[in-house]
Amino acid sequence: TSFRVTARPVSEGGLSGVIVCFEDETHRAHAEQMRRDFVANVSHELKTPLTALIGFIDTLRGPARADAAARDRFLGIMESEANRMNRLVRDLLSLSRVEAEERVRPTERIDLVALIRETARSLQPLAQETGVEVTTELPAGTTDILGDTDQLRQVLVNLVENAVKYAGAGAVVRVSLTGPAYEPRVRGYGVRIRVTDTGPGIDPVHIPRLTERFYRIDTHRSRERGGTGLGLAIVKHIVNRHRGRLFVESTLGEGTEFTVVLPAG
Ligand code: ADP
């Protein structure tokens with residue numbers, strides 16, 4: 001803990017003394033440090049693909065000029081590096097938008113059953129390409145809550161994409177919706193969205209840090225699968241904006257379950 005201490009003399013009605021003020025600076029210093037770390041991380045994440053792009057441009061101008069096969073290969077790499085920068089900028093923009101709106105209550109009436117069904121369907125091509133089966137378990141009828149459609153779709157996309165990407169070929173991903181029921185964790189009625197995978201699981205030491213920006217268990221693997229390290233940070237902010245809670249349970253060798261509890265009514 002660090003304090004900023006200031007003192008100033010006062011005198012009033014024949015009495016005089018000193019006012020001493022202790023201001024807790026720990027929080028401010030911490031926020032400042034987080035901001036600096038974030039800027040350093042963003043710069044690093046952008047610099048890596050940029051350095052590769054610049055390097056390949058040089059090679060294409062020089063040694064690879066007359067070699068059609070090499071040129072094609074390098075252009076392919078350049079394209080994937082440019083796509084990586086694009087995903088990073090897209091996620092940074094969503095994160096900043098979500099943060100800006102965090103204190104504004106979402107007001108759209110949304111049917112979660114339809115939203116989950118639609119989102120799961122839109123992720124079928126990725127699932128098929130990866131060799132993962134994505135299934136849903138949804139209540140009959142509708143389940144309405146107040147929320148932000150685009151943001152809740154983003155939560156589902158990020159959780160299901162992660163489950164598909166990290167669980168890998170042969171795995172099963174299940175998306176289920178239950179409730180509304182009394183949920184002590186949101187101190188009222190709430191619904192539960194669960195995304196469960198039969199992947200490799202997550203070592204418990206990583207779990208508390210998963211929603212930090214740019215936190216990845218295996219940076220190489222995340223990059224290889226198109227990850228930016230921002231997906232769960234975005235999920236966390238959206239869930240906070242909806243006054244919900246996010247939980248992660250995982251067993252190594254068995255799989256992982258992300259649970260989002262959202263207040264309903
Ligand atoms: P990324 O863009 O790297 O996927 P996220 O913020 O979405 O970033 O996730 C952070 C990290 O959490 C990932 O890099 C991965 O190591 C781990 N992770 C997330 N979801 C799963 C999952 N379903 N199974 C195993 N690991 C996961």
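Tabulated data
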item	result
Residue within region 104-123 that is of a type outside the set (A, V, I, L, M), under 17 Å from ASP148 (Cβ atoms) and assigned to a helix (DSSP H, G or I) present	yes
Tabulated pairs, region 250-265, first more than 10 Å from the ligand (Cβ to nearest atom), second hydrophobic (A, V, I, L, M, F, W, C) and part of a strand (DSSP E or B), C-beta under 7 angstrom, 6+ apart or interchain	THR259/PHE247; VAL260/ILE193; VAL260/LEU246; LEU262/ILE145; LEU262/VAL191; ALA264/ILE145; ALA264/VAL191
Where a residue in region 59-70 is touching a residue at least 40 places away in the same chain (Cβ under 8 Å) and its partner, wherever it lies, is exposed (fewer than 13 other Cβ atoms within 10 Å of the Cβ) and part of a loop (DSSP other than H, G, I, E, B), with Cβ under 7 Å and at least six apart	none
Lone unmet requirement of (1) part of a loop (DSSP other than H, G, I, E, B); (2) touching a strand residue (DSSP E or B) at 6+ places or on another chain (Cβ under 7 Å) for GLY170	(2)
Criterion: surrounded by fewer than 17 Cβ atoms within 10 Å (Cβ to Cβ) and either near the ligand (Cβ under 9 Å from one of its atoms) or of a type in the set (Lys, Arg) (or both) - qualifying residue of ARG174, ARG192, ARG187	ARG187
Hey, LEU246 in contact with a His (Cβ under 6 Å, 6 or more places away or on another chain) and farther than 30 Å from SER80 by Cα or not	no
Answer residue from region 218-241, given it is farther than 30 Å from LEU146 by Cα and assigned to a helix (DSSP H, G or I) and is nearest to the ligand (Cβ to nearest atom) among those	SER222
Failed item in (1) farther than 25 Å from VAL155 by Cβ; (2) outside any helix (DSSP H, G or I); (3) out of contact with any helix residue (DSSP H, G or I) (no Cβ under 7 Å at 6 or more places or on another chain), with ALA64 passing the rest	(3)
Pairs where the first residue, in region 204-219, is in contact (Cβ under 8 Å) with a residue 24 or more places away in the chain and the second is acidic (Asp, Glu) and surrounded by 15 or more Cβ atoms within 10 Å (Cβ to Cβ), C-beta under 9 Å, 6+ apart	ILE207/GLU249; PHE214/GLU45
Verdict on GLY244 being on the phi > 0 side of the Ramachandran plot, of a type outside the set (Ser, Thr, Tyr) and away from the ligand (no atom under 14 Å from the Cβ)	no
Members of region 196-210 found to be more than 9 Å from the ligand (Cβ to nearest atom) and in a loop (DSSP other than H, G, I, E, B), listed by number	THR198, ASP203
Of the criteria (1) out of contact with any helix residue (DSSP H, G or I) (no Cβ under 9 Å at 6 or more places or on another chain); (2) modelled with pLDDT of 95 or more; (3) part of a strand (DSSP E or B), which one GLY179 fails	(2)
GLY76 within 21 Å of HIS220 (Cα to Cα) and surrounded by fewer than 14 Cβ atoms within 10 Å (Cβ to Cβ)	yes
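A quick yes/no check of all residues on (1) under 19 Å from the mean Cα position of the chain (by Cα); (2) at pLDDT 95 or above:
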{"position": "LEU88", "(1), (2)": "yes, yes"}
{"position": "GLU99", "(1), (2)": "yes, no"}
{"position": "GLU102", "(1), (2)": "yes, no"}
{"position": "ARG109", "(1), (2)": "no, yes"}
{"position": "LEU112", "(1), (2)": "no, yes"}
{"position": "ARG117", "(1), (2)": "no, yes"}
{"position": "ALA127", "(1), (2)": "no, yes"}
{"position": "THR130", "(1), (2)": "no, yes"}
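The values are calculated or read from the model by the stated rules, or taken from the named source; none is laboratory data. Model, not experiment: these values are computed from the prediction. Methodologically, a virtual Cβ is constructed for each residue, glycine included, from the backbone with ideal geometry; neighbour enumeration extends over all protein chains shown.
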